[in-house]
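The values are calculated or read from the model by the stated rules, or taken from the named source; none is laboratory data. Computed from a predicted structure; not experimentally measured. For neighbour counting, all protein chains shown are included, and Cβ atoms are generated from backbone atoms with ideal geometry for every residue, glycine included.
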Amino acid sequence: MKDPMKSRKSKRWVIKAGSSMVCSGGPLLLRAWMQQVAALKRDHGIEVIWVTSGAIASAVDRTQFIRHLEKKTLSQKQALSAIGQPLVMDLYNLALQTNGLIGAQVLLTYDDVANKHRRANFINTMEQLLAWDVTPVLNENDAVATEEIKFGDNDTLSAKVACAMKADRLIILTDVEGLYDADPRQHKDAKLLNQLKGIFKKTLDSTGRHAGSPRGTGGMYSKLTAAKMAARQGIETWLVKGDGPQVLLKVAENQTVGTRIQVK
Ligand code: GLU
């Protein structure tokens, strides 16, 4: 058994999957992701920390009683997350198991990484899981997170986790190919930006703050903010289309895919 305190030889990635990907991709996509996670570990020596959204959206999909409400109250969202989180974990456990992997659920609030002692606890648990070759699957603990102790979106959560766990890369799986030089929904000739050297204020300013899809809370602005946070700690971020074929393996091979945000 590996000692979690020994110096790290393997590379470490934090991979974040958004709500719309998880819900529309369902069991098949999750199985394809976990197959790639197994290959990342086996063939590339990469440890994976998985951050998932989709608890609230899965509960909305499963239950009928709240679907019609455009604006949900905080307590409704909290209750929905409590319904949806086990549904999401069922999907992950099945996908992990099919690929010979063991998963672990870790639910976090902002305090767990902001407070020095809680952060140390979190890191110890994560190091132990990784040393046991277990794949941690993280989400925000929305059921108990009030506005003051919320990350707000899982892009921020994934960047904080990448920094705390000294990851080498942050991979954000989204439902678009990456960052474009204009909104591709409005401009047909918008070009995908394959590489950026850091995130500049003008890139952030030109990106709308609205949510990227009706299901998630993120959008491109929060992804770029997460990338900026990661870059400050020397962590490279990749924004890639989550259901692209073998997309994680392409990232491992440094192929040109999505948007690679290098550290300045
Ligand atoms: N933590 C929320 C969920 O699992 C999602 C937050 C986000 O959209 O990033 O439903």
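Quickly run through the stretch 107-127 and pick out the residues that are surrounded by fewer than 19 Cβ atoms within 10 Å (Cβ to Cβ) and without any contact (Cβ under 8 Å) to a residue 40 or more places away in the chain.
LEU107, ASP111, ALA114, ASN115, LYS116, HIS117, ARG118, ALA120, ASN121, THR125 - these are the residues of the stretch 107-127 that are surrounded by fewer than 19 Cβ atoms within 10 Å (Cβ to Cβ) and without any contact (Cβ under 8 Å) to a residue 40 or more places away in the chain.
Would you confirm, using the coordinates I've provided, whether ASP189 is over 14 Å from the mean Cα position of the chain (by Cα), within 16 Å of the ligand (Cβ to nearest atom) and assigned to a loop (DSSP other than H, G, I, E, B)?
For ASP189, the condition - over 14 Å from the mean Cα position of the chain (by Cα), within 16 Å of the ligand (Cβ to nearest atom) and assigned to a loop (DSSP other than H, G, I, E, B) - is not met.
Could you check, for the stretch 150-160, whether at least one of its residues is touching a strand residue (DSSP E or B) at 6+ places or on another chain (Cβ under 7 Å), within 30 Å of LYS72 (Cβ to Cβ) and of a type in the set (Gly, Ala, Ser)?
yes
Tally up the residues in the stretch 192-209 that are in a loop (DSSP other than H, G, I, E, B) and either free of Cβ contacts under 8 Å to residues at least 60 places away in the same chain or among the basic types (Lys, Arg) (or both), please. Outline the logic, then answer.
Looking only at the stretch 192-209, we keep the residues that are in a loop (DSSP other than H, G, I, E, B), and these are 193-194, 198-200, 206-209.
Next, only the ones that are either free of Cβ contacts under 8 Å to residues at least 60 places away in the same chain or among the basic types (Lys, Arg) (or both) stay: 200, 206-209.
Selection size over the stretch 192-209: 5.
Right, LEU91: at pLDDT below 95 and either within 16 Å of the ligand (Cβ to nearest atom) or assigned to a strand (DSSP E or B) (or both) or not?
no
Which of the residues belonging to the stretch 128-159 are away from the ligand (no atom under 11 Å from the Cβ), more than 11 Å from the chain's Cα centre (by Cα) and crowded, with 18+ Cβ neighbours inside 10 Å?
LEU129, LEU130, THR135, PRO136
Given the conditions (1) assigned to a strand (DSSP E or B); (2) over 17 Å from TRP50 (Cα atoms), and given that PHE65 satisfies all but one, which numbered condition is not satisfied?
(1)
Results for (1) assigned to a loop (DSSP other than H, G, I, E, B); (2) farther than 20 Å from ASP205 by Cβ; (3) among the polar types (S, T, N, Q), shown as yes or no for each residue.
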{"position": "SER222", "(1), (2), (3)": "no, no, yes"}
{"position": "THR225", "(1), (2), (3)": "no, no, yes"}
{"position": "LYS228", "(1), (2), (3)": "no, no, no"}
{"position": "ALA231", "(1), (2), (3)": "no, no, no"}
{"position": "GLY234", "(1), (2), (3)": "yes, yes, no"}
{"position": "LEU239", "(1), (2), (3)": "no, no, no"}
{"position": "LYS250", "(1), (2), (3)": "no, yes, no"}
{"position": "ASN254", "(1), (2), (3)": "yes, yes, yes"}
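Only one of LYS71, LYS9 is away from the ligand (no atom under 14 Å from the Cβ), surrounded by fewer than 16 Cβ atoms within 10 Å (Cβ to Cβ), within 21 Å of ALA131 (Cα to Cα) and over 19 Å from the mean Cα position of the chain (by Cα). Can you tell me which?
Numbers: LYS71 fails: within 21 Å of ALA131 (Cα to Cα).
Answer to the selection: LYS9.
Quick one: how many residues across the stretch 188-231 are over 14 Å from ASP153 (Cα atoms), at pLDDT 85 or above and either in contact with a Leu (Cβ under 6 Å, 6 or more places away or on another chain) or not hydrophobic (A, V, I, L, M, F, W, C) (or both)?
9
VAL176 versus (1) at pLDDT 95 or above; (2) in a loop (DSSP other than H, G, I, E, B); (3) among the hydrophobic types (A, V, I, L, M, F, W, C): which is the lone unmet condition?
(1)
Taking the residues in the stretch 44-66 that are away from the ligand (no atom under 16 Å from the Cβ) and free of Cβ contacts under 8 Å to residues at least 40 places away in the same chain as candidates, determine which candidate is nearest to ASP175 (Cα to Cα).
First, the residues of the stretch 44-66 that are away from the ligand (no atom under 16 Å from the Cβ): 44-48, 64-65.
Subsequent filtering for residues that are free of Cβ contacts under 8 Å to residues at least 40 places away in the same chain retains 45, 64-65.
Details: GLY45: 27, GLN64: 25, PHE65: 27 Å.
Filtering first and then ranking leaves GLN64.
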